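Below is one structure, written out as structure tokens; comments come after it.
The values are calculated or read from the model by the stated rules, or taken from the named source; none is laboratory data. Bear in mind that the values here come from a model prediction, so they are computed numbers and not experimental data. So basically every Cβ, Gly included, is an ideal-geometry build from the backbone, and we count neighbours across all protein chains shown.
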Amino acid sequence: MSSGWTGNILKVDLTNRQTSTIPTEPYMHSFIGGRGISVKMMYDQVDPKLSPFDPGNDLFFGPGVLTGTPAAGSSRLKISALGAGGYLRHAGLGGDIANAIKWAGYDLIVIQGKLDEPSYMYIHDDEIEFRDAGHIWGHYTYDTEQMVKDEIGKSAAVESSDSSPRVAPVRGVHRKNGKGIYCNGEDLAGAGLQGGMRRR
């Protein structure tokens, strides 16, 4: 990484099960960290009149600018999306997931569209797969994370959405001040990451 940036933004098209990368460079001099870039990209490409559950409501996973470095307490992640009423919503997360995104080589992950069946996304540096999640769909968050780790490795960082029947149809990733950050109802059970190729 250079000055806290990897130089890549990963865009994930769930509808077509395709991924692409765009450079961070156009944003890195004007916006700080993943949250800053998320807000800019959301302003440019998300219609504020969309429902929070619309597949066109992109979901942004933005690690901090110091994430992935030895700085203490820096493994923080902001998940950003359009909330009810057209308001910008953020959810803050800790744990290993933020470092894993940076170590896999990405400054930001943008989730777009909707899957046609329950799946989870496996990211291992440049290797990105969509794997069947039918067998874990309907489980609570903790159980989902453990089941994915059993499949891809205990050292992986996993972030999952709660697909249990009790919370449907609202797909909450995290709650802040009583407001949810929604997963678009996109049938994405979670993401498992194993990054190390660009680790400092």
Next item on the list: Would you be able to tell me the number of residues in segment 129-141 that are of a type in the set (Ser, Thr, Tyr) and under 17 Å from the mean Cα position of the chain (by Cα)?
Entry: 1
Note to self: Among the residues of segment 124-139, what is the count of those that are loosely packed, with under 14 Cβ neighbours inside 10 Å and more than 22 Å from residue 105 (Cβ to Cβ)?
What the structure shows: 3
Notebook entry, point to check: Does residue 126 count as of a type in the set (Asp, Glu), within 16 Å of residue 10 (Cβ to Cβ) and within 15 Å of the chain's Cα centre (by Cα)?
Noted result: no
Next item on the list: Would you check if residue 20 is without any contact (Cβ under 8 Å) to a residue 60 or more places away in the chain, of a type outside the set (A, V, I, L, M, F, W, C) and more than 25 Å from residue 126 (Cα to Cα)?
Entry: no
Next item on the list: Output the number of residues of segment 40-63 satisfying the condition of being part of a loop (DSSP other than H, G, I, E, B) and of a type outside the set (S, T, N, Q).
Entry: 11
Note to self: Tell me whether segment 21-33 contains one or more residues that are within 26 Å of residue 149 (Cβ to Cβ), among the small types (Gly, Ala, Ser) and modelled with pLDDT under 90.
What the structure shows: no
Checklist line | Those residues of segment 15-39 which are more than 17 Å from residue 91 (Cα to Cα) and in a helix (DSSP H, G or I), in sequence order | finding: 25, 26, 27, 28
